[in-house]
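The values are calculated or read from the model by the stated rules, or taken from the named source; none is laboratory data. Every value quoted in this text rests on a predicted model; they were computed, and no experiment measured them. No Cβ is skipped: glycine too gets one built from the backbone with ideal geometry, and neighbour counts run over all protein chains shown.
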Amino acid sequence: MFSAISINKDEAGQSVEVTQIDESQLPEGNVTIDVDYSTLNYKDGLAITGSSPVVRKFPMVPGIDLAGVVSESSHANWKAGDRVVLNGWGVGEGHWGGLSQKARLNGDWLVALPEAFTSRQAMAIGTAGYTAALCVDTLMAHGVRADQGEILVTGATGGVGSFAVALLAKAGFTVVAATGKESEADYLKSLGASDIILRSELSEKGKPLQKERWAGVVDSVGSFTLVNACAQTQYGGVVAACGLAQGPDFPATVMPFILRGVSLLGVDSVMAPIELRQAAWKRLAKYLDPAQLDTIADEISLSEAIPAAKDLLEGKIRGRLIVDVNK
Ligand code: NDP
């Protein structure tokens, strides 16, 4: 038997509890994992509170991220004792996830945990950090170089934004962080931002083409912010879009794309191919200071994750939440 958060649904509605599950009930999969840590992402908050139909079948064990040790494997790439990390692939939505002491899943979904990190540190990074790394890789794969000018990061104090600022600065880029939290300027500078601009400078409707400033952009905000970021991107510059914190709309014109050759590239972490995942985790291992990660996130237990999900959706949590599934 092992402990897990279980989400159930019946005529009376959705219920969530920490429960004991027999190992024989684990879903299909060729790798079984003893989970060390998971984390609470926005999507996990939606799943646990039931405030959005994220969960596609019941009962469901939520948790889109996990880090742990392989206990059994019939997959060619993995053997007992291997340390692994998992992000996305619909885990915690359509397949039982990481908020559990055990997980069984498809070995094709796993990435070897970089030597640089403990399981706890990998979960301080979680999908937010991994997505930020995918965005940085996207900019660089499309030719953005440090000598071309400033890189804009929007939603900078958020999970994705914070890791994007840190990774870009460590890679030698000059980073401008856009934030709604003026009071967090010192935090953003400590991560490596050279300059801070206010979120309000980007969040309202603007001209289709504006003064060229950014060589590249990492945007986790969408809506007018993304539109204005494209309108301010230099000739030939690249914009990586991964989020919708302001909104999913994109009320833009084609002008930056057809007159300045700006490229707008989408970044998805959930179904990203394994090669991109491996490259992203390699970047995280190379550029992040593992010691810093221990202070970025607060640690909670499995049962504390249930009330924390509501707080997370209400914006009451600062930084990241790591879940010790064995507590
Ligand atoms: P967070 O909630 O940690 O951060 C979002 C940040 O966006 C906030 O901290 C805030 O930063 C800014 N923000 C919030 N509301 C607004 C608003 N109304 N207008 C402008 N800016 C706002 O979320 P994450 O960093 O974890 O995720 C960011 C986005 O990326 C989300 O939309 C998420 O769904 C998406 N995402 C997408 C993934 C993918 O695979 N494509 C994977 C992971 C996340 P500040 O105060 O500094 O401005």
Ala164 - would you say it is in contact (Cβ under 8 Å) with a residue 60 or more places away in the chain and not polar (S, T, N, Q)? no
Exactly one of these conditions fails for Thr157: (1) in a loop (DSSP other than H, G, I, E, B); (2) in contact with a strand residue (DSSP E or B) (Cβ under 7 Å, 6 or more places away or on another chain); (3) buried (at least 24 other Cβ atoms within 10 Å of the Cβ). Give me its number. (3)
Is it the case that some residue within the range 218-230 is within 12 Å of the ligand (Cβ to nearest atom), within 25 Å of Ala171 (Cα to Cα) and of a type in the set (Ser, Thr, Tyr)? yes
Pairs returned, first residue in the range 251-278 that is farther than 25 Å from Ser203 by Cα, second residue that is within 11 Å of the ligand (Cβ to nearest atom) and part of a helix (DSSP H, G or I), beta-carbon separation under 7 angstrom, 6 or more apart or interchain, are Ala272/Leu134; Leu276/Leu134
Return yes when Gly155 is under 25 Å from Glu212 (Cα atoms), more than 13 Å from the ligand (Cβ to nearest atom) and of a type in the set (Gly, Ala, Ser) and no when it is not. no
Please go through the range 81-107 and pick out each residue that is more than 19 Å from Gln121 (Cα to Cα), under 16 Å from the mean Cα position of the chain (by Cα) and in a strand (DSSP E or B). Val91
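Look through Ala169, Ala141, Ala133, Ala193 and report the one residue that is among the aliphatic types (A, V, I, L, M), at pLDDT 95 or above and either within 10 Å of the ligand (Cβ to nearest atom) or farther than 20 Å from Ile296 by Cβ (or both).
Ala141
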For the subset of the range 165-190 comprising residues that are assigned to a loop (DSSP other than H, G, I, E, B) and of a type outside the set (A, V, I, L, M, F, W, C), which member is surrounded by the fewest Cβ atoms within 10 Å (Cβ to Cβ)? Gly172
